[in-house]
Amino acid sequence: NVVAPGAVHVPGWLPEERQRELVEACREWARGPVPLRNTVLPGGGVMSVRTVCLGWHWQPYRYARTADDVNGARVAPFPEWLAAWGRAAVAEAYEDPVAAEAYAPDAALVNFYDGAARMGMHQDKEERSHAPVVSLSLGDTCVFRFGNTQDRGRPHTDVELASGDLFVFGGPSRYAFHGVTKVFDGTAGAASGMRAGRLNVTLRETGL
Ligand code: MD3
Ligand code: FE
């Protein structure tokens, strides 16, 4: 489903077995070396989403190798198998194996949402590369709001993201405002092996 130029939603892309593998990997990453934490923004606000990073640590609003705003530890490496999933994702979304082969993500943000967590409308501009962002959803279904490139307001499109869904944001959609307005408690089903809540894994090329 092409939601906007460069923004492609592929419902149910991850088979159950892959969903379970990714949830299991997220459980390991959440244990350390940097723990899952509520990011504190420079203005003092605390995000309701809990995050752990791979490859590069997103420290609002820059990437670093160490989590200086958490425990100072070096972040876990970005695994090569996850980069391969990213290339498969780009190939699937854009039906372009040549573009997909060049995709070299080196950072992942793992976001955990409980039923009350939200993500306000924002742009992802810390990456120096203009390569697409690959998003994989696990567990509870959410309402994802895909906006415009000008501001946080209208026009926007609301899309439900369920466990196993793939979303790729590239080209003109790469710098669109986006957020998560709602998570539907208890909608995870059995596919991912998640007991509660929602996980979202985004793959990025930092260009660093
Ligand atoms: C569109 N995460 O980590 S995933 C984020 O569900 C983030 O956790 C949300 O926004 C989540 O920055 C939304 C979909 C997504 C991710 C990155 C994008 C959409 C995007 C970057 C550019 C444009
Ligand atoms: Fe984002």
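Laboratory data are not the source of any read-out in this text; all were calculated from the coordinates shown. What you see is a predicted model; the values in this text were computed from it and never measured. No Cβ is skipped: glycine too gets one built from the backbone with ideal geometry, and neighbour counts run over all protein chains shown.
Working carefully through the options PHE169, PHE184, find the one that is surrounded by fewer than 22 Cβ atoms within 10 Å (Cβ to Cβ) and among the aromatic types (Phe, Trp, Tyr).
None of the others qualify; the one that does is PHE184.
Please work out which residue is farthest from ligand 2 (Cβ to nearest atom), limiting yourself to segment 189-208 and to residues that are polar (S, T, N, Q) and within 9 Å of the chain's Cα centre (by Cα).
ASN200
So in segment 94-105, with the set limited to residues that are part of a loop (DSSP other than H, G, I, E, B) and surrounded by fewer than 20 Cβ atoms within 10 Å (Cβ to Cβ), which one is nearest to ligand 1 (Cβ to nearest atom)? Explain how you work it out, then say what you get.
Restricting attention to segment 94-105, the residues satisfying the condition of being part of a loop (DSSP other than H, G, I, E, B) are 95-96, 102-105.
Now drop any that are not surrounded by fewer than 20 Cβ atoms within 10 Å (Cβ to Cβ), which leaves 95-96, 102, 104.
Working: GLU95: 20, ASP96: 19, ALA102: 18, ALA104: 17 Å.
Only one residue fits best here, namely ALA104.
What is the number of the single condition among (1) exposed (fewer than 15 other Cβ atoms within 10 Å of the Cβ); (2) touching a Leu at 6+ places or on another chain (Cβ under 9 Å); (3) of a type outside the set (A, V, I, L, M); (4) closer than 26 Å to THR141 by Cα that TRP29 does not meet?
Condition not satisfied by TRP29: (1).
Find the residue count for segment 91-120, including only residues that are under 14 Å from the mean Cα position of the chain (by Cα) and closer than 23 Å to ARG18 by Cα.
Qualifying residue count for the region: 9.
Counting only residues that are within 15 Å of ligand 2 (Cβ to nearest atom) and either over 12 Å from ALA176 (Cβ atoms) or assigned to a loop (DSSP other than H, G, I, E, B) (or both), which one in segment 131-142 is nearest to the chain's Cα centre (by Cα)?
SER135
Of all the residues that make up segment 1-32, how many are part of a helix (DSSP H, G or I), over 16 Å from PRO77 (Cα atoms) and more than 17 Å from the chain's Cα centre (by Cα)?
2
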